[in-house]
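Structure, as structure tokens:
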């Protein structure tokens with residue numbers, strides 16, 4: 001299953017240089033082209049510069065995700081996730097990640113991938129999954145609905161999650 005909430009990681013850079021308390025240089029990102037920015041650029045008061053995140057920067061961001069998010073959880077709520085979520089809707093179990101690695105999707109090592117296998121403690125219908133920073137509470141990295149998965153005691157389920165930062 002692929003879940004995409006259309007979140008994007010962007011890089012912007014603003015530069016201002018001063019001499020004796022006066023601005024002698026000011027530049028902003030090319031992608032910031034509001035009406036005011038276009039007017040300032042037309043008047044020569046603002047220059048636009050292009051920015052990018054090099055491959056090594058993407059790799060470091062993906063590695064930071066792996067370093068920060070070391071717990072997986074599942075729950076039983078089928079309520080649609082929102083950007084304001086801080087928990088799963090109805091968490092049942094949370095365990096340490098079994099394995100985490102960087103993989104190449106578009107650029108070298110631009111994707112963090114986690115794997116966690118749960119042994120089901122009692123009959124359950126799984127509806128949601130998430131990654132967290134801590135065994136209890138902690139920050140949530142992703143909250144995704146699954147298909148409705150009915151499992152019995154001692155069944156095993158493996159979740160493999162990945163986040164691409166490019």
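Remarks
- Ordering 94, 113, 19 by the number of other Cβ atoms within 10 Å of each residue's own Cβ, fewest first, gives 19, 113, 94.
- Relative to its Kirkwood radius, the Cα radius of gyration of the range 55-164 gives an Rg/Rh of 0.99.
- Exposure proxy shown here: for 143, 60, the number of other Cβ atoms within 10 Å sets the order, fewest to most, as 60, 143.
- With neighbours defined as other Cβ atoms within 10 Å of a residue's Cβ, the residues 111, 76, 119 order from fewest to most as 119, 76, 111.
- The range 69-151: relative contact order in percent, alpha carbon pairs under 8 Å with at least 6 residues between: 36
Rule-based calculations on the coordinates, nothing more; no lab input. Here the structure is a predicted model, which means the values were calculated and not measured. Quick reminder, even Gly has a Cβ in these numbers, built from the backbone with ideal geometry, and neighbours come from all protein chains shown.
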